[in-house]
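Working notes for the structure below.
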Amino acid sequence: DSGVTQTPKHLITATGQRVTLRCSPRSGDLSVYWYQQSLDQGLQFLIQYYNGEERAKGNILERFSAQQFPDLHSELNLSSLELGDSALYFCASSPISGGSRTGELFFGEGSRLTVL
Amino acid sequence: AQRVTQPEKLLSVFKGAPVELKCNYSYSGSPELFWYVQYSRQRLQLLLRHISRESIKGFTADLNKGETSFHLKKPFAQEEDSAMYYCALIVGIGAGSYQLTFGKGTKLSVIP
């Protein structure tokens, strides 16, 4: 499968802990986006990377951080976890802008985080 | 700052009835809008974009700049249309990349 892959699919942890979510973009895509999906807030944009550099920040907490590595995979680090951090975390990738493909994000299946 | 509003969390319609999923946006620039769909146990995926003026799976959406709306419509709902629908606005952030702002989504339930 050459689509966006995310690991782990499910993760259960305790408050105060730290977890790392991993994302591999589609082959050739340079941009990686992280979104948090919860029942009340819908899809909340967290952060975007483009070719290894941070490009945009959304509603990302200071306890959260991310990076994109030279091979273009990305990791989202969530620390000092709270009950409210329980959510589905999506990664998406996109081709460069311009042309008919602009605006099309390709999403992974998500990582479901449960904080107990 | 840009914002996308989907006023309905849940919309239930009978099979064969018309469907309209509402989307309003706030953006100071020239908007580019999209509809994304998430079927049960599938990935979120692009449904249609306003610039291509296409009809996908019988759905259409017209950008109304005067009303700042981009409502998604289908004349006759089918059971397979049941899904979560997200309206999204694109903002260019320079040098070959862009950001999508999503609404909170509307869950469409088509009753047989």
Using a 10 Å cut-off around each Cβ of peptide A:36-43, what is the average number of partner chain Cβ atoms that fall inside?
5
Excluding A:Leu43 itself, calculate the net charge of residues whose Cβ lies under 14 Å from the Cβ of A:Leu43, where each Lys or Arg counts +1 and each Asp or Glu counts -1.
+4
Can you give the average number of partner chain beta-carbon atoms within 10 Å of each beta-carbon in peptide A:103-112, as a whole number?
5
How do A:Ile12, B:Ile56, B:Ile90 line up, fewest other C-beta atoms within 10 Å first?
A:Ile12, B:Ile56, B:Ile90
Straight-line reach only, C-alpha to C-alpha below 16 angstrom: list the aspartates and glutamates that B:Lys74 could link to, leaving out same-chain residues fewer than 8 apart.
B:Glu20, B:Glu54, B:Asp62
Setting aside same-chain residues fewer than 8 positions from B:Lys73, which lysines have a Cα under 30 Å from its Cα?
B:Lys9, B:Lys15, B:Lys22, B:Lys57, B:Lys65, B:Lys104, B:Lys107
Value of relative contact order over segment A:1-58, rounded to a whole percent, pairs C-alpha under 8 Å and six or more apart
24
Count the net charge of all other residues whose Cβ sits under 14 Å from the Cβ of A:Gln67, scoring Lys and Arg as +1 and Asp and Glu as -1.
-1
If you add up the charges near B:Asn64, with Lys and Arg at +1 and Asp and Glu at -1, over every other residue whose beta carbon is less than 15 angstrom from its beta carbon, what do you get?
0
Given Cα pairs under 8 Å that are at least 6 residues apart, what percent is the relative contact order of chain B?
37
What Kirkwood hydrodynamic radius, in Å, does segment B:3-112 give when the mean of 1/r is taken over all pairs of distinct Cα atoms and then inverted?
14.2
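Readers should treat all values here as calculations from the given coordinates under stated rules, not as data from a laboratory. Note that the coordinates shown come from a computational prediction; the quantities given were computed from them, not determined experimentally. Using ideal geometry, Cβ is built from the backbone for each residue, glycine included, and neighbour counts are taken over all protein chains shown.
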